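Visitor: This is the structure I want to talk about, given as C-alpha cells.
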Amino acid sequence: MPTTYYQSPLGVLRISGTDTYISEISFVDNLEDASRSTSNGLLSPIILQCVEQLIEYFQGQRRFFELPVSQEGTPFQQRVWNELMAIPYGKTLSYLEMSRKLGDVKAIRAAAAANGKNNIAIVVPCHRVIGSKRDLVGYAGGLWRKKWLLDHETKVLYGVQTLF
C-alpha cells in the first residue's frame, strides 16, 4: 500500500492509502520508520490530496476534510468512527455522550476502545472525544497532541482562548 510521510507541527505523520481511499494517518515517533517509505515515489492522487488538506488544516484554512477513508473494523467500530466524523470542528463530545448517541450508555467502554482503534488520526477526529468531566483522557498520539489539536481548532474558531 502506498505510504508517504508528512512533517506536521505535531511530528511526522505516516499516511497510507490506495488509489481510492486513505486507510491510515498515524503519528510516527520512531524516525527510522519514517525513513522507510513504501511508495517508491509513486503516490496516488488521494494521498497527495490528503497531504494538501492536512497542510491546510494545520494552517487554519481547513475545517472539514474531503477525503474518502476506509479502515477495517467491526460493525460497532464502524459506527463509532462514523460518529467521530459527525463531531464538528472545534467541538468536543464525551465518551458518555458518544455512547448515548450509539444508543447504549453502558457501551461507554466499548465506544472508548473503538475510538482508540481508529487508524486515521485527525481526519477521523478521535481527538475530539474527551472525558465525562470535560478532561483530557486517552489519545494514541499522546495527550499533548490531543491538547494541541483541540487548542488549534478552538483558536481557529474563536481566537486565542484555549480549551484546556
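Visitor: Filter segment 75-91 for residues that are under 27 Å from Ser8 (Cα atoms) and either outside any helix (DSSP H, G or I) or over 15 Å from the mean Cα position of the chain (by Cα) (or both) and give the result.
Guide: Within segment 75-91, Ala86, Ile87, Pro88, Tyr89, Gly90, Lys91 meet the criteria.
Visitor: Failed condition for Ala113, given (1) buried (at least 21 other Cβ atoms within 10 Å of the Cβ); (2) part of a helix (DSSP H, G or I), with all others met?
Guide: Single failed check for Ala113: (1).
Visitor: Something else about it: Of everything in segment 43-57 that's among the aliphatic types (A, V, I, L, M) and surrounded by 14 or more Cβ atoms within 10 Å (Cβ to Cβ), which residue is nearest to Thr154 (Cα to Cα)?
Guide: Among those that are among the aliphatic types (A, V, I, L, M) and surrounded by 14 or more Cβ atoms within 10 Å (Cβ to Cβ), it is Leu54.
Visitor: Quick one: how many residues across segment 116-133 are exposed (fewer than 15 other Cβ atoms within 10 Å of the Cβ) and either of a type in the set (Asp, Glu) or not in a helix (DSSP H, G or I) (or both)?
Guide: Here the count works out to 3.
Visitor: If Thr154 satisfies every condition in (1) part of a helix (DSSP H, G or I); (2) without any contact (Cβ under 8 Å) to a residue 40 or more places away in the chain but one, which is the exception?
Guide: Checking Thr154 against (1) part of a helix (DSSP H, G or I); (2) without any contact (Cβ under 8 Å) to a residue 40 or more places away in the chain, the one that fails is (2).
Visitor: Could you list, in sequence order, the residues of segment 58-104 that are of a type in the set (Val, Ile, Thr) and loosely packed, with under 13 Cβ neighbours inside 10 Å?
Guide: Residues of segment 58-104 that are of a type in the set (Val, Ile, Thr), as a first pass: 69, 74, 80, 87, 92.
Answer for segment 58-104, where residues must be of a type in the set (Val, Ile, Thr) and loosely packed, with under 13 Cβ neighbours inside 10 Å: just Thr74.
Visitor: Got a number for residues in segment 71-103 being out of contact with any Pro (no Cβ under 9 Å at 6 or more places or on another chain) and within 25 Å of Thr154 (Cα to Cα)? Working first, answer last.
Guide: First, pick out the residues of segment 71-103 that are out of contact with any Pro (no Cβ under 9 Å at 6 or more places or on another chain): 71-83, 86, 88, 90-103.
Okay, now just the ones that are also within 25 Å of Thr154 (Cα to Cα), so 80-83, 86, 88, 90-101.
Qualifying residue count for the region: 18.
Visitor: Run Leu43 past the list (1) at pLDDT below 95; (2) under 23 Å from Thr4 (Cβ atoms); (3) under 16 Å from the mean Cα position of the chain (by Cα); (4) hydrophobic (A, V, I, L, M, F, W, C) and report the number of the one that doesn't hold.
Guide: Answer for Leu43: the failing condition is (3).
Table: residues versus (1) in contact (Cβ under 8 Å) with a residue 12 or more places away in the chain; (2) within 17 Å of Val69 (Cβ to Cβ); (3) within 18 Å of the chain's Cα centre (by Cα).
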| site | (1), (2), (3) |
| --- | --- |
| Leu93 | yes, no, yes |
| Leu102 | yes, no, no |
| Ala111 | yes, no, yes |
| Ile120 | yes, yes, yes |
| Val124 | yes, yes, yes |
| His127 | yes, yes, yes |
| Gly131 | yes, no, yes |
| Arg134 | yes, no, no |
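Visitor: May I pose another question? Checking Asp29 against (1) in contact with a helix residue (DSSP H, G or I) (Cβ under 8 Å, 6 or more places away or on another chain); (2) modelled with pLDDT under 95; (3) under 21 Å from Gly116 (Cα atoms), which test does it fail?
Guide: (1)
Visitor: Mind checking which pairs have a first residue in segment 40-66 that is assigned to a loop (DSSP other than H, G, I, E, B) and a second that is not hydrophobic (A, V, I, L, M, F, W, C), Cβ under 6 Å, 6 or more apart or different chains?
Guide: Matching pairs, first to second residue: Leu43/Pro2; Leu43/Thr4; Ser44/Pro2; Ser44/Asp19; Arg62/Gln53; Arg62/Glu56; Arg63/Tyr89; Phe65/Gln53.
The values are calculated or read from the model by the stated rules, or taken from the named source; none is laboratory data. Quick caveat: nothing in here was measured; it's all calculated off a predicted structure. We place every Cβ from the backbone using ideal geometry, glycine too, and count neighbours over all the protein chains shown.
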